[in-house]
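Undergrad: Here it is, the structure in full.
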Amino acid sequence: MSTMVLPTAADPAVSVLAAGLAQVPQMDYRAVLPVLVVLGAACVGVLFEAFLPRPRRWLWQVALTVAALLAAGVALYAYLGDAPAQGVKTFAGTLSIDRPALFLWGTLLVLGLGAVLLIADRSVEPGGYFVAQAAIRPGTQQDRAQAAGANMHTEVFPLALFALGGMMVFCAANDLLTMFVALEVLSLPLYLLCGLARRRRLLSQESAVKYFLLGAFASAFFLYGLALLYGYAGSVKLADIAAAAGGTNRSDTLLFAGLGLLAVGLLFKGSVGPFHTWTPDVYQGAPTPVTAFMAACTKVAAFGGLLRVLTVAFKATSWEWRGVLWAVAIISMVIGAVLGLTQRDVKRMIAYSSVAHAGFLLIGAIALTEQGLSGTMFYLLAYGFTTLAAFAVVGLVRTGEGEATHLSQWAGLAKRSPLLAGVFTFLLLSLAGIPLTSGFVGKFVVFSAALADGMAPLVVIALVMSAVAAFFYLRVIVLMYFSEPAADGPTVTVPGVFTAAAITLGVLVTLLLGVWPAFALDWAGSGGFAL
């Protein structure tokens, strides 16, 4: 008869297990409370969809989403006063809550609030911008009936919160595996949101499929790069990769191959050319509030992650990879400025403008100085609010079939609605970088950081491309003010409370950051990444 031998305390396996159990991960819940509030509210929103009657869901979802964003903002503000200057690493070191992360979180929360207001509006598009039942085939009688109805998919609210929560984690991720998980959490809801437009549903669904397929390839590149870097450093933590790159006699093949593949995934999310191919089609086909959400918030998250990766993990090897990113920045600026001139659709024009601005942002990102970091984050803040308001204005010019986005339909808009034309002109001038707007200050601080870091040739090219891009902004202004409106031209819809609030928020911030940028620049430059 055999006897069972129980392990004793002296057993090595028991000792290892006990040591592992004794090392309880550090959890600073106060530091990550804004993220927990956003993701927790997203989960509650899913429960609302399961248990609330359909007629009551919209009101409860809007109230929950707005309250969650405000509560997360209050939690962030309350933590700012006690936040250590050097930052804290929490959740077993997977998240780094430092000054740049807090700045980007604040930016995302306010931009997310503006985007949610656009999503919630049901007065500009009767019933809302989103389809009532996504499973209905486009072009059928049921599809026409739902387009004329007053219902909408209220699942868009928890989806937006999940995407926003993923963006916040992405900005603060301290290792590549956490960053990859956050990338998927922010991407998957966006793929769904892009295909839920109430009108022009085939175009909307096509944009969702393109975004999904290209996004899957970009995620694969990111994951392959992660695997190569793990093979090089034996770790996925950014600090460990930096230590291995700075003092090892191993071949650098895995290091730079991994960085190249990783950069493809990050640059894809930031709409940086030549990895921008999804941007014009998705911006055009997605519901306009979703386009505004992606254009503002996704770019903040993508460049926030890129700044952290380049600064924390690869700063010591910048001599090897900086030239490649110089070329990428130039390509992005040229593609955005030149192809933007050929566009006849307003949303596609702003999409190529986004590609050009991504090139400008990349200049600040590769400076790898405190001035470059603060300038890039300020640029993200300024660009986000301007773009959010611009897309909100685009949604107000409409025909009987939906939004009037063809440039010919904007002729003489100033005679139909001088106020709307004036607001859109101010936003376009900000995108062009005209003084007394946030766009001018953003470009000034980024280009100044690049000049201080010895990138004068790149700044000269950026200035030339800024001048080229200004042409297609001015073309729209001339069209609105110096052309006669068509007799059967589009109408200008009076914005509802939510859309008016979003436009007002974007315009005020664009003006405030243009005439008094010091407070935002001081916050953006209050500290660097936690190393």
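What follows draws every value from the coordinates through simple rules; no lab data is involved. No experiment lies behind these values; they were computed from the predicted model shown. Quick reminder, even Gly has a Cβ in these numbers, built from the backbone with ideal geometry, and neighbours come from all protein chains shown.
Undergrad: Give me the one-decimal nm value for the distance between modelled label points at PHE217 and ASP28, 7 Å along each residue's Cα-to-Cβ direction.
TA: 4.0 nm
Undergrad: Then there is this: Could you check the spin-label model distance between LYS415 and LEU531? Points 7 Å from the Cα along Cα→Cβ, value in nm.
TA: If labels sit at LYS415 and LEU531, their model points lie 6.3 nm apart.
Undergrad: For helix 318-340, what angle does its Cα long axis make with the longest principal axis of the chain, in degrees from 0 to 90 and rounded to 10?
TA: Tilt relative to the chain: about 20 degrees.
Undergrad: Sketch the reach of a paramagnetic label on GLU401 as a point 7 Å from Cα along Cα-to-Cβ, and name the residues of region 484-506 whose backbone nitrogen lies under 19 Å away.
TA: Within reach of a label on GLU401, which here means backbone N under 19 Å from a point 7 Å along Cα→Cβ, region 484-506 contributes 486-493.
Undergrad: A further question on this structure: How far apart, in nm, are the 7 Å Cα→Cβ label points at ALA78 and VAL44?
TA: Reported label-point gap for ALA78 and VAL44 is 1.4 nm.
Undergrad: Do the sum for the chain: with -39,500 (n - 2.57) for every DSSP H run of n ≥ 4, divided by all residues, what is the mean residue ellipticity at 222 nm, to the nearest 500 deg cm²/dmol? Provide the component values of the computation, followed by the final result.
TA: Details: 22 runs with 359 residues, N = 531.
Helix contribution divided over all residues of the chain: -22500 deg cm²/dmol.
Undergrad: A further question follows. Under a straight-distance cross-link criterion of Cα-Cα below 24 Å, which lysines are reachable from LYS269, leaving out those fewer than 8 residues away in the same chain?
TA: LYS210, LYS237, LYS299, LYS315, LYS347, LYS443
Undergrad: Return the FRET efficiency for the residue pair SER123, ASP240: r is the Cβ-Cβ distance, R0 is 60 Å, and the value is rounded to the nearest 0.05.
TA: On the way: r = 52 Å, r/R0 = 0.87.
Computed FRET efficiency for SER123 and ASP240 comes out at 0.70.
Undergrad: Find how much the distance from TRP319 to GLN142 grows on full extension, using 0.36 nm per residue of separation minus their present alpha carbon separation; answer in nm with one decimal. Write down the numbers at each step before the final one.
TA: Working: separation 177, 0.36 × 177 = 63.72 nm, distance 5.95 nm.
Value of the extension gain: 57.8 nm.
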